[in-house]
Amino acid sequence: MIFTKDLVIVDIESSGSDPYTHVPIQIGAVLLDRETLEEKKSFTSHIHQDAHFPVEQWALKKIQIDYSAIAQAPTPQEVAERFVQMFGFDVTIAAWVVAFDVAFLSQLLKSVGYQWGREYDHHALDLFTLAWKYFLDQGWETVPESEEVFQYFGLPPRGFHDALQDCRMEAEVLRKIVEADTRGLTRR
């Protein structure tokens, strides 16, 4: 499988699941070559938030929230500008759950005047959906959890989530699915 553009896998750790009431607190991204899927660049940053941002309980369990790192981090605007400078716009955005990560990425981009769907193609590759399809082709009858997917492909348990580490694990899952598809190891 060859993609038409290089892929930027984005992962955002946030204080909750609602981009209207919660805030992004860490971003990770890896740029993958469109033909080889090898990593070309990476980016990670905590994102500054005021001390009293809303946090859901599940986020506290999933993410090791370092309030001092968040307080000292670059502003959302600085992070968005660095992201755009590093990757540009002529890429395909991919994420484990596109609806979640793109909502928070869009929030960051909007803070510096960029609009999702104008600068970036509004089509994005949802890696979880791709993995789910792979598992359906293997005969699974249930929707796998992300940890099941990662461990199925031989990746280590995550523990606390880190945005850049998650991107790299997602990239490895993508590589393994593409390799299996290329070798004809998926059922049709």
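The values are calculated or read from the model by the stated rules, or taken from the named source; none is laboratory data. In this text the structure is predicted, and so the values were computed from the model without any measurement. Every residue, glycine as well, gets a Cβ built from its backbone with ideal geometry; the counts of neighbours run over all protein chains shown. Keep in mind that these areas ignore ligands, DNA and RNA; they rest on the heavy atoms of the full protein, side chains included. Shrake-Rupley method; radii C 1.70, N 1.55, O 1.52, S 1.80 Å.
Considering only segment 87-99, state which residues are buried (at least 17 other Cβ atoms within 10 Å of the Cβ) and either more than 17 Å from the chain's Cα centre (by Cα) or not in a helix (DSSP H, G or I) (or both).
Matches in segment 87-99: Val91, Thr92, Ile93, Ala94, Ala95, Trp96.
Considering only residues that are surrounded by fewer than 16 Cβ atoms within 10 Å (Cβ to Cβ) and either part of a helix (DSSP H, G or I) or of a type in the set (D, E, K, R) (or both), which ones fall in segment 133-162?
Hits for segment 133-162 are Lys133, Leu136, Asp137, Glu141, Glu145, Glu147, Glu148, Gln151, Arg158.
For segment 116-132, which residues satisfy the criterion of being among the charged types (D, E, K, R) and open to solvent by less than 30 Å² (accessible area, probe 1.4 Å)?
Once the filter is applied, which keeps residues that are among the charged types (D, E, K, R) and open to solvent by less than 30 Å² (accessible area, probe 1.4 Å), segment 116-132 yields nothing.
Quick one: would you say Val79 is in contact with a strand residue (DSSP E or B) (Cβ under 8 Å, 6 or more places away or on another chain), over 21 Å from Leu130 (Cβ atoms), modelled with pLDDT of 95 or more and buried (at least 16 other Cβ atoms within 10 Å of the Cβ)?
Judged against the criteria, Val79 is a match.
Which of the residues spanning segment 1-41 are of a type in the set (Lys, Arg) and either farther than 25 Å from Pro74 by Cα or open to solvent by less than 10 Å² (accessible area, probe 1.4 Å) (or both)?
Residues satisfying the conditions are Lys5, Arg34.
Using the structure shown, decide if Ile70 is open to solvent by less than 60 Å² (accessible area, probe 1.4 Å) and touching a helix residue (DSSP H, G or I) at 6+ places or on another chain (Cβ under 8 Å).
Considered against the rule, which asks whether it is open to solvent by less than 60 Å² (accessible area, probe 1.4 Å) and touching a helix residue (DSSP H, G or I) at 6+ places or on another chain (Cβ under 8 Å), Ile70 comes out as no.
Collect the residues in segment 163-188 that are part of a loop (DSSP other than H, G, I, E, B) and either on the phi > 0 side of the Ramachandran plot or modelled with pLDDT of 90 or more (or both), keeping them in residue-number order.
Listed by number, the list holds a single entry, Gly184.
Is there any pair with a first residue in segment 145-166 that is among the aromatic types (Phe, Trp, Tyr) and a second that is part of a strand (DSSP E or B) and surrounded by 17 or more Cβ atoms within 10 Å (Cβ to Cβ) whose Cβ atoms are under 8 Å apart and which are 6 or more apart or on different chains, and what are they?
Phe160/Ile63
Pick out the one residue from Val102, Val173, Val143 that is within 18 Å of the chain's Cα centre (by Cα), farther than 24 Å from Glu81 by Cβ and not hydroxyl-bearing (Ser, Thr, Tyr).
Val173
Given the conditions (1) more than 21 Å from Gln165 (Cα to Cα); (2) assigned to a loop (DSSP other than H, G, I, E, B); (3) open to solvent by less than 60 Å² (accessible area, probe 1.4 Å), report the number of the one that Ile65 does not fulfil.
Here Ile65 meets the rest and fails (1).
Of all residues in segment 151-182, which are closer than 13 Å to Ala131 by Cβ and not charged (D, E, K, R)?
Once the filter is applied, which keeps residues that are closer than 13 Å to Ala131 by Cβ and not charged (D, E, K, R), segment 151-182 yields Gln151, Tyr152, Phe153, Leu155, Met169, Ala171, Val173, Leu174, Ile177, Val178, Ala180.
Of all residues in segment 112-129, which are closer than 21 Å to Val23 by Cα and part of a helix (DSSP H, G or I)?
Selection gives nothing.
Out of Val10, Val84, report the one residue that is at pLDDT 95 or above and assigned to a helix (DSSP H, G or I).
The conditions single out Val84.
Which one of Leu109, Leu105, Leu31 is in a strand (DSSP E or B) and of a type in the set (A, V, I, L, M)?
Result: Leu31 is the single residue among Leu109, Leu105, Leu31 that is in a strand (DSSP E or B) and of a type in the set (A, V, I, L, M).
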